[in-house]
Amino acid sequence: MKRILAISVAVLGFAAAGLLSPGMINALSAPPAVAQGTSTLRQSVFAIENMTCALCPVTVRKAIERVRGVKTVSVDFDAKTATVVYDPAAATPAAIAAASTDAGYPATIRQ
């Protein structure tokens with residue numbers, strides 16, 4: 001929370017000083033690119049079942065991170081989803097879902 005506040009204050013300070021144009025502020029708030037080098041990364045969202053406590057998302061994230069080719073995993077406990085960025089040359093949605101399922105949290109691809 002402190003980090004977000006510090007970044008916001010810095011951006012507002014630069015904007016007030018005229019050092020940032022509106023285009024630069026938009027670039028700062030843009031989501032990170034999913035392409036990296038010559039390999040194109042993909043993002044998929046998985047529905048995750050059986051998450052009932054605060055530790056469940058940690059277990060799901062760690063299980064999915066072990067899949068070769070997975071770059072990032074973000075688990076949303078409230079929505080019961082996991083958003084995964086992966087290299088399709090090394091990982092498949094089926095392998096990612098299987099990793100979560102093997103950890104006790106059945107996963108199905110949503111998109």
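Each value in this text was obtained by applying a stated rule to the coordinates, not by laboratory testing. Computed from a predicted structure; not experimentally measured. Glycine gets a Cβ as well: all are built from the backbone with ideal geometry, and neighbour counts include every protein chain shown.
Below is a table of values for the structure above.
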| read-out | value |
| --- | --- |
| Peptides 86-92, 96-102, 69-75 ordered by average Cβ neighbours within 10 Å, highest first | 96-102, 69-75, 86-92 |
| Label-point gap, in nm, between Glu65 and Val85 - each point 7 angstrom along Cα→Cβ | 1.5 nm |
| Cα→Cβ-extended label distance, 7 Å offset, between Asp78 and Thr52, nm | 2.2 nm |
| Residue (of Ile48, Val60, Val70) at the positive-pole extreme of region 41-111, dipole from beta-carbon charges | Val70 |
| Net lengthening on full extension, Ala98/Thr40 (0.36 nm per residue, minus Cα-Cα) | 18.6 nm |
| Rel. contact order, % - alpha carbon contacts under 8 angstrom, at least six apart, region 62-104 | 42 percent |
| For region 68-79, 3J(HN,Hα) per residue [Karplus equation, 6.51 cos²θ - 1.76 cosθ + 1.60, θ = phi - 60°, Hz, x = Gly/Pro] | 4, x, 6, 9, 9, 9, 10, 9, 10, 4, 5, 7 |
